[in-house]
Every structure is written in structure tokens, then in C-alpha cells.
Amino acid sequence: MSTLRILVPVKRVIDYAVKPRVNKSQTAVEIAGVKHSMNPFDELSVEESVRLREKHTPKTVEDILAISIGPPKAADTLRTAMAMGCDRSIHVEVPEKDEMLEPLQVAKVLKEVVEKEGRNLVILGKQSIDDDSSQTGQMLAGLLGWGQACGASEVVLDGEYLKVTKEVDGGTEVVKGKLPMVVTTDLRLNEPRYASLPNIMKAKKKKLEKKKLEDFQVRAENRLKNLKVTEPPPRQGGGKVDNVDGLISKLKELGAL
Amino acid sequence: MQSLSRATLRALVRSNATRATYSSRTAPGRILSSRVLPLNATATPASREFATQSTRCYVASKEVKFTADNYPNVQRDPRFSKLTREDVDYFKSVLSSQSSIIDAQDDASELEGFNTDWVRKYRGQSQLVLKPKSAGEVSKILKYCNDRNLAVVPQGGNTGLVGGSVPVFDEIVISLAAMNSIRSFDEVSGVLVCDAGVILESADSYLRERNHIFPLDLGAKGSCHVGGNVATNAGGLRLLRYGSLHGTVLGVEAVLPDGTILHDLQTLRKNNTGFDLKQIFIGSEGTVGIITGISILCPRRSNAVNTAYFGLDSFDHVKRAFTKAKKDLGEILSAFELMDGLTQDLFHKTTGKPYPLSDRYPFHVLIETSGSNGEHDSAKLEAFLEEVMGEEIVADGTVAQDETQAQTLWRWREGLPEACAHWGGTYKYDVSIPLNDFYTLIEDCRKLFDDAGLVGGMEDDSKPVIGVVGWGHMGDSNLHLNVPVRWYDKKVEGLLEPWVYEWIEKRKGSISAEHGLGFAKRDFVQYSRDETALEIMRRVKNTFDPKGIMNPYKYIPTD
Ligand SMILES: Cc1cc2nc3c(=O)[nH]c(=O)nc-3n(C[C@H](O)[C@H](O)[C@H](O)COP(=O)(O)OP(=O)(O)OC[C@H]3O[C@@H](n4cnc5c(N)ncnc54)[C@H](O)[C@@H]3O)c2cc1C
């Protein structure tokens, strides 16, 4: 049985129960004063890492390291990850601005951390709900030359191997790969726990290491520029009909009958 | 699996949640997947938000007995006329839309929903439901009914819990459902003016878009009307913070039984010019007139809201936590809700959701803070949490890390009426008790039922009672004693009444803190109010409704 040293990247995004609004200049969504939380897929990664530890003998998971590349407040997200069970974290602080880093830049930072911190398993969300790029995990696996299993709905550790059930269109696919590996999480993987009060308190004392983008071999400017962001056309208000006959004639009028 | 964007996630959540009524949303670069996950999806982050599945459809299969048969001592008042075809024709002639009338001759089954109350304890036999679209239409209807001696029941969302919103016999139901427009909102003063039939949640969503909040929130928000809330003087989850409707409602528009329209939609906060007439309507439960519009002062929505959920070992610990919360959280404390352990078991059992904490405790408390400065609030909350944990006042707890968790934690409080209704019905008592004796009522009541051997728990189907549970707005000294049952049983009722009322009277509490009197409490009001007060109430009633056609057989004894 090999010892796992897990890296869990987490991202601070607009809370998914909040309705994002596009800014006046239509270049981005408003972020000031809007509630932010951990990307839901990343909650699944954190939970899965903690469960791997709980499921196996004490030494199986040596250490779970959370990392976030984000604005100063991303530190709160890391505290949440640690309250859920991560051991320590790294915060690569970047200024809060409308344009976020692209997946390749993020993957490059992660690669350096993986190498420096001797990781042999990275569990990421399959996407983050703000830009929906769905690329970071794959790029990271490519940069590292590791195997990847994306969209996991079940992860089983078996000696040197991981058996991962993946969700594919209309069914599932089960793959097996040798560590080190990159796994991305899908919705049905698990149900994340609530951070308990004692653990929230403990998380405050866990180690949170601050870094800057300059500490890594990446260029800060993006390759793509956001030209325009627009909301979908507003929904047409529904009409009311007086009775069944009215409904039928309306449906006929619309060509639905 | 295809890309699952925030929109898809939300669609998935929305299709299951009773709470969320948001419009679809977007963000840059978002791939809007057209595919929605199968609804039986399990164990997703979204699934934590899934609200109770409709537990009520289970109950709905059982027939509710007519109130008239169940309570033979209440007799139909012979002064009231019986509805004729001519009456219906008249109403047809004054109502602008034919969909405003539901008549037994057209569709008897559609009348059922208006005749049966939310608790499924009371069922009337009305043959006619009218849904006027304006105060003018209400006026014509009432004037005619008054002249003809036809009794009426004003009805909002029909979520009242004391049998006040449904007919006892054949009273005409006047539903405000078709009067549902927002009339105006002033962002500077925060004054909202709207029709009585606006659904509470719609009003709140409208205000949310404008960074404000309706000063009242309660579990029935998706169905109850703001007019119904005012008519019952509903208290709800945030009274602690925003105060009672007697303070926030600034004016009403109401129609008196003789057809007079009182246009008193004041938008002023201060106005000492004579009797404050709106106060008569607040909490009048449809007995003096029909409220058709309200104006209400709405506070700005707090942008920093925190929700915490605790487990505690005894009621004494709960009291200490409450004292501390008032002291340490002060003005940002917006809710302090108590739920006993058994309530959480019922919710767990009926929804299948995992308990929020690793253990189940004898008492659970839900705390909410709302403020304008996130960092300031967090600092306060953290200091509070550290103290209550450090001093072992709370045994365990959690703080919502995101909005979804907050909403899910609230379900463990807001979903309780539904959880209790799951087995068939609930005997409900909504009382105010001084905090020292607060939980003793539940303990005493539990003993009463245990001694009588009527409790079967969740498993034993041969006994009527599931258990005796308590929860409530502890911040307002308001306790809900609930006895969920498999079937309504005279033996159970006989044990409870007047026992509960006498218990309350001895401790100088109120037999109805916020749900009102309706049909259920009419004959018990003397446990909380003296004869002089009742006599003056009768005079008020007579002044407004001399013929007694407004919501008869309810509220206070008329003689
Ligand atoms: C799940 C659930 C949770 C609840 N939680 C709370 C709570 O926390 N706090 C609380 O105080 N209550 C609570 N209630 C009960 C509460 O009284 C009602 O939900 C609500 O205030 C009633 O509004 P409604 O529109 O449904 O009125 P209805 O039930 O239709 O009517 C209630 C009474 O008001 C009268 N009425 C209604 N509309 C008008 C009008 N326009 N003009 C004149 N009279 C009218 C009716 O005749 C009736 O007597 C809860 C109910 C449920 C089902």
C-alpha cells in the first residue's frame, strides 16, 4: 500500500445560490459585495480526500494539502477546506480583479507545487462554476505526464492503484491507473460534510503558507481577452388564460397542438 | 457526463426545492447545458439543498371530516341566508372575469382546496369561491352579502394553522389570490405598497432585487399572502430583529362588510392624527373586513448573513446560550430558534437527510446574524462561538460555509410543520411562556401522554401519537407544542384541552402567540384575556360588522 500525499486545489467563486449580475460595461460579472464560497466541485475533492484518510489505515494518507490561487479572501476558502479536514494550505495570492487566471497558468503553478511538495495524488473539481473551463485537471496531468481520471463518481484505492468510476454520457466507465494520478470530481462522488465548530476552531491554527505568483515560473498576463459578457435574454412573462378552452386555443395559436 | 454549469446545477436544485424561486442565471463563458440531470440523482452537492419532498401528498389521501360533523355542538347560525342561483348570477355580473368564480355547479372538486385547511383538521362545505380582482369588486361582493345576510370567509394562501381560513358551514370563500400586484416601492424610504394577495415569497424576491427584505419570514412563505400575514399578525422567524407587523405595517386598504372602502394606505412612519385604524385590521383574522392592500416598511437587506446550528445537552444550556447570544451578538442577532431532539429525528426520518452534526442532541439551536459589515459580524460571531464552545455551553455545532449550507440548515427548522404532518395530522399549540418555564410544557405534556399509553413513536402503528415535540422562536419566548398523530383522536384532544390552556394560564402565558384564534382557539381565549377585554372586543366587532357575516363562528365568542 503506498502512502498518499494529496493536493487539493480549491477556488473561491460566487456562491452558487447567488444570481450573478453582469457589470455595466459588460466586461465581467459584478464581484464586489457578492457572496463568495468554495466552488462546489472543490468541496467534493476536499471531502473525498478526507474520506480516503478515514477509510484506510492511519498512515495511508500522509498529508492533505489544500491550495488556492486567488485574491486575499481566498484564505477564507482555505480555512473552510482545513475545517473540513485538510492538514495545511498554500495561498498563492493574486490581486482581486475581473479577469481571472487561465487554466494553463493555474496548472503550471500546481505542477510546481506538486513537484516541490512531493505529491502523488491531485484531486480537483472537474470544473469551477465561474468560468466553466473544465481544463485545469487535464492540463496538469499533461504537464506532469501523469495518468488522469476525470469526472469521478467513485474512487477506490487499491495498493499502488486507483480504481475510478467515471460518469460518461449515458452510463459509467471504470478505469484503473497507477499512482501518481490526477483525479477530477463529479457531482455524485460524495456528499460533503458540514465543518464542525471544533474543527472550524482548529482550522484557524493550521498552517497557511502565503506565496505570490512571482514565486512561480508563470507569466501573469492572459492569452485571451474578455470582449463581452451578456446575460441571456430575459424570460418572456407567462400569459394567463381564463379556462381550458382558452388554454387550448392559445396552444393552437402557438402551434403546439 | 456533459459539462455541468452553474445553471444546470441550479435547475437541478430548483426542481426539488420548495424554497428557491430565482430566475435563471448566467456568468461569462458559461456553457449553458441544455440537459438537466435525472431527478433521482443522489449525493450531489446540490442534493444537500433538496427540500422535503412533498410529504403532504401522503396525507392528502386521507379524507378530512367535515367540521360540522366533527364539532356537533357548533350550529349553523339560522340568521344567515342560503346561497341561491340568483346570488351566483349576481356575482357573475359584478366580477370582471369568469375565472373569478368557482361554483359547485361547474366544478365541485376545485372547491375542496378552499374548504380544507392546511393542517387537514377542518373542512367546510362552501359551494362558492369568489376571486375578486380589485377593491371595487370586493366592495360590491361584500355589500351584496351584507344586504342578503350571506356569511363569508376571507381567504389568503390558506396556510393558517387555527382553522380560521376555511368555512365552518357554507360560508362563501372570498379569496384574494387574484389581487397580486405590487403597487409601488420607494427605494429611499423602503416603503412597499402592494395588493393583499401578493405571495410573501414573491414580495420578498421583488424586494431582494432592490436590496431590501420583507420584515417577516416564515415557513409557509411560498403560499401565504402578505394580506393573510397582516390579517393574522404573523410573527415568524425574524420578529426578533424586525419587530411585529403592528410596527412595520404603515397602512391598509380594507373593505368593510357594508361595502365601504377604507383607503388608508399611509406611507408615513409617524402620523398621530386620530385612532390608528390599521391596528384593528392587523390580527383581526378576517372578522372586521377584508384587507385588499397594505403598505409596509421594509428594511435594507443585510449583506452579511451567517447561520450556525448547535447541539446542546439540556434546556439549561440553551438558556445560557441565549443569554450569551443576546450579549455578544447584540444588534446583529436576527434569529434564535430552538428545536428539540425529537423534532430533528422526525425531520431526519421523513426526509432521509443526514443529521447536520455527527451526534443528535436533546436540543438544537439555529442562530442567524445579519449585519452590514461582514468582517465585523464574523469577528463577533467568532468570539461568541469560541466562548460557547470553550465554556461547554454548546456540545457541538457548525457554521454554514456557503448559502446552500445555510438554506439546508434552515430546513431543519422550517421543515418541521411538514415533517410533523407526515403521519396524518398534528395537534398544534402556539404559546408564549416566560423563558424559565419554557420547555417544562413539553416535558409535562410528554409525561401526560406516556402515562395515558397513547404514544406509539414512529414505528408502532396501533397508537395514535407519534410523540410530543417542541420547537419555537425562543428569541420571542414563543414555543410551538406539537403532537403529531396518525389520526385525529378525541382521546388525544381530551387530554390536551383544556390541560394546555390551564397550564399556560397558571404561568401567565398566552394561549396563542402568533397563529391567532380562528376556529381552534375561540372558546379558550378567556385563558389569556379577561371578560372586560373580551366585551370591548365584541363592541369593536359590532361596530364594523353589525350583522356578523365576517368569518363567523371564530375568533372570540360573540355572546
Ligand atoms: C409551514 C407553516 C409555517 C408557519 N409558520 C408561522 C410562523 O412562523 N409564524 C406565524 O405567525 N405563523 C406561521 N404560520 C401560520 C400563519 O398564520 C400563516 O402561514 C399566514 O400568516 C397566513 O397567511 P395566509 O395568506 O395563508 O392566510 P389564510 O390562512 O388564508 O388566512 C388566515 C386568516 O386570515 C384571514 N385573512 C386572510 N387574508 C385576509 C385578507 N386579505 N383580509 C382579511 N382577512 C384575511 C382569514 O380569514 C383567516 O382567518 C405557518 C404556517 C405554515 C403552514
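The values are calculated or read from the model by the stated rules, or taken from the named source; none is laboratory data. Here the structure is a predicted model, which means the values were calculated and not measured. Here the Cβ positions follow ideal geometry from the backbone for every residue, glycine too, while neighbour counts run over all protein chains shown. Surface areas here come from the heavy atoms of the whole protein model, side chains and all, with no ligands, DNA or RNA. Shrake-Rupley method; radii C 1.70, N 1.55, O 1.52, S 1.80 Å.
Note on the protein assembly as shown: antiparallel DSSP beta bridges, both residues inside, total approximately 70 percent of the bridges counted. As a length-normalised measure over Cα pairs under 8 Å and 6 or more apart, the relative contact order of the stretch B:182-297 settles at 31 percent. Only the Cβ atoms of Lys and Arg (+1) and of Asp and Glu (-1) were treated as charged; on that basis the dipole of the stretch B:304-416 about its Cα centre amounts to roughly 380 debye. Taken about its Cα centre, the stretch B:182-297 carries a charge dipole of roughly 340 debye when the Cβ of each Lys and Arg holds +1 and the Cβ of each Asp and Glu holds -1. Per-residue mean of foreign Cβ neighbours for A:195-203 is 5 (Cβ atoms of other chains, 10 Å radius).
Result for chain A in a Gaussian network model with C-alpha springs under 10 Å: among A:GLN105, A:GLN217, A:GLN236, the largest mean-square fluctuation is at A:GLN236.
Within the listed set A:ALA75, A:ALA17, A:ALA195, the residue fluctuating most in the Gaussian network model of chain A (springs between alpha-carbon atoms under 10 angstrom) is A:ALA17.
Our summary gives chain A a relative contact order of 24 percent, counting only alpha carbon pairs under 8 angstrom and 6 or more residues apart. By the helix-only formula, in which each DSSP H run with n ≥ 4 contributes -39500 (n - 2.57) and the sum is divided by residues, chain A has a 222 nm mean residue ellipticity of -8000 deg cm²/dmol.
Chain B gives an Rg/Rh value of 0.96, both radii derived from C-alpha positions and Rh following Kirkwood. Stokes-Einstein diffusion of the stretch B:466-559 at 10 °C, 1.306 mPa s viscosity, Kirkwood radius from Cα pairs, rounded to a whole number: 105 µm²/s.
A dipole drawn for chain B from +1 and -1 charges on Cβ atoms has a positive end, and of B:GLY374, B:LEU416, B:PRO484 the residue lying farthest that way is B:GLY374. In this structure the stretch A:4-253 gives 48 Å² per residue of accessible area when probed at 1.4 Å with all protein chains present. Across all directions, the shadow cast by the convex hull of the stretch B:60-175 built on its C-alpha atoms averages 7.3 square nanometres.
Counting Cβ atoms of other protein chains within 10 Å of each Cβ in A:70-79 and taking the mean gives 1.
Which peptide among B:290-301, B:85-96, A:150-161 comes first, and what is the full order, when sorted by highest mean count of other Cβ atoms within 10 Å?
Details: B:290-301: 23.5, B:85-96: 14.2, A:150-161: 16.9.
Highest mean packing first, the order is B:290-301, A:150-161, B:85-96.
If you take every DSSP beta bridge whose two residues both sit in the stretch A:4-253, what share of them, in percent to the nearest 5, is antiparallel? Mind showing how you got there, number by number?
On the way: 18 of 46 bridges.
Around 40 percent of the beta bridges assigned by DSSP in the stretch A:4-253 are antiparallel ones.
Within 10 Å of each Cβ in peptide A:12-23, how many partner chain Cβ atoms are there on average? Round it to a whole number, please. Please list the in-between numbers first.
Details: counts 0, 3, 4, 6, 12, 16, 5, 10, 6, 3, 3, 0.
Average neighbour count from other chains, rounded to a whole number: 6.
Summed over both chains, the accessible area lost when B and A associate is about 4500 Å², using a 1.4 Å probe. Its alpha carbons considered, the stretch B:182-297 gives a radius of gyration followed by a Dmax of 13.2, 40 Å.
Specify whether the C-alpha gyration tensor of the stretch B:121-183 places it in the rounded, prolate or oblate class, a ≥ b ≥ c being the square roots of the eigenvalues: rounded for a/c under 1.5, otherwise prolate if a/b is larger than b/c and oblate if not. Display every interim value, and only then the final one.
Values: a/c = 2.53, a/b = 1.15, b/c = 2.19.
Oblate, because a/c is 1.5 or more while a/b does not exceed b/c.
Kirkwood analysis of the protein assembly as shown, using all unique Cα-Cα pairs, places the hydrodynamic radius at 29.1 Å. Heavy-atom accessible surface of the stretch B:208-314, averaged per residue, reaches 38 Å², computed with a 1.4 Å probe. Stokes-Einstein, applied to the Kirkwood radius of the stretch B:304-416 over Cα pairs at a viscosity of 1.567 mPa s and 4 °C, places its translational diffusion at 92 µm² s⁻¹.
For chain A, the calculated P(r), taken from all Cα-Cα distances in 5 Å bins from zero up to the bin holding the longest distance, is 1, 6, 12, 16, 17, 14, 10, 7, 5, 3, 3, 3, 2, 1, 0 percent. Surface exposure of the stretch B:383-433, expressed per residue as accessible area with a 1.4 Å probe, stands at 22 Å². Using only side-chain charges placed at the Cβ, +1 for Lys and Arg and -1 for Asp and Glu, the dipole size of chain A relative to its Cα centre rounds to 620 debye.
Across chain B, C-alpha contacts under 8 Å between residues 6 or more apart give a mean separation that, scaled by the residue count, equals a relative contact order of 14 percent. When the Gaussian network model of chain A links Cα atoms closer than 10 Å, the mean-square fluctuations of A:VAL122, A:VAL18, A:VAL109 top out at A:VAL18. Each peptide in B:202-211, B:474-483 receives the mean, over its residues, of other Cβ atoms within 10 Å, and ordering these scores from highest gives B:474-483, B:202-211. For the stretch B:60-175, the number of Lys pairs with C-alpha atoms closer than 23 Å, counting only pairs eight or more positions apart or on separate chains, is 14. Helix A:40-55 against the longest principal axis of chain A: what's the angle in degrees, Cα atoms only, rounded to the nearest 10? Taking Cα atoms only, the helix is inclined about 40 degrees. Accessible surface for B:TYR553 stands near 30 Å², nearest 10, in the context of the full protein assembly shown (1.4 Å probe).
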